[in-house]
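Take a look at the structure below.
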Amino acid sequence: MFKKKVIIIVTIMVLMASLAGCAKKPATPTTPAPQSNTAITPEGHPAETPAQPESKVSQTDVETKVMDLLNKKYPGDWKVSGTTLSKGSYTENGNYKMVDDVAALFPDTMGVSIFVGEERISSSVLQGTERVLKGYATPPTVGEVMKSGTTTSTLSGGFLKVYIPFKDNSGKTVAVLTVSVPQA
């Protein structure tokens, strides 16, 4: 009877210790954040402010480099079916070549993402070995660029974040690419 009590007590203590250890691990987002007008940014990402004219890298330079690269490597028109984004015969969803190619243009980028509507369909940002696609709200600026069809940018902790619309052959904005370029 005594051995049984000791085993039960030891088991309870081990479980308590393991649960206490689990509580110290940072939570990994697994579900999309609730949609609101206020974007929730990943921990460590600074707040955004409108870009200033004295930025070291210009919005126009970033947009030109990105579009030149994408048009050269992926010829054809932009197309969206549901949330599947294609350019010519290439489909970005699940492949991540476009975001990785754009990230390679800008060393030390904070990340590149492509949004179709409110959904992030591609990202150069990794969490472990997985691409960060869900768990953070879509920045409000993405929606603004989807509506206006105009490239815009903001400053965020030493990074110029450029929002570039992708338009189909009728001129309708079908997706938005974001890239955060260091200002050093």
When segment 96-107 is checked residue by residue, the ones that are under 15 Å from the mean Cα position of the chain (by Cα) and over 17 Å from residue 63 (Cβ atoms) are 96, 97, 100
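Results for (1) within 11 Å of the chain's Cα centre (by Cα); (2) under 21 Å from residue 65 (Cβ atoms); (3) of a type in the set (Gly, Ala, Ser); (4) at pLDDT 95 or above, shown as yes or no for each residue.
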| site | (1), (2), (3), (4) |
| --- | --- |
| 86 | no, no, yes, yes |
| 109 | no, yes, no, no |
| 134 | yes, no, no, no |
| 141 | no, yes, no, no |
| 159 | no, yes, no, no |
| 166 | no, yes, no, yes |
From the option list 80, 62, 57, single residue qualifying as assigned to a strand (DSSP E or B), surrounded by 15 or more Cβ atoms within 10 Å (Cβ to Cβ) and not polar (S, T, N, Q) is 80
Would you say residue 170 is of a type in the set (Gly, Ala, Ser) and assigned to a loop (DSSP other than H, G, I, E, B)? yes
Per the filter on segment 104-146, residues of a type in the set (Phe, Trp, Tyr) and more than 21 Å from residue 86 (Cα to Cα) are 106, 136
Take segment 143-152 and flag every residue that is over 15 Å from the mean Cα position of the chain (by Cα) and either outside any loop (DSSP other than H, G, I, E, B) or at pLDDT below 95 (or both). 144, 145, 146, 147, 148, 152
Tally of residues being out of contact with any strand residue (DSSP E or B) (no Cβ under 6 Å at 6 or more places or on another chain) and under 13 Å from residue 56 (Cα atoms) across segment 148-164: 1
Among the residues of segment 147-184, write down those that are under 20 Å from residue 87 (Cα atoms), crowded, with 17+ Cβ neighbours inside 10 Å and of a type in the set (Gly, Ala, Ser). 175
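The values are calculated or read from the model by the stated rules, or taken from the named source; none is laboratory data. Small disclaimer: the values here were computed from a predicted structure and weren't measured. So basically every Cβ, Gly included, is an ideal-geometry build from the backbone, and we count neighbours across all protein chains shown.
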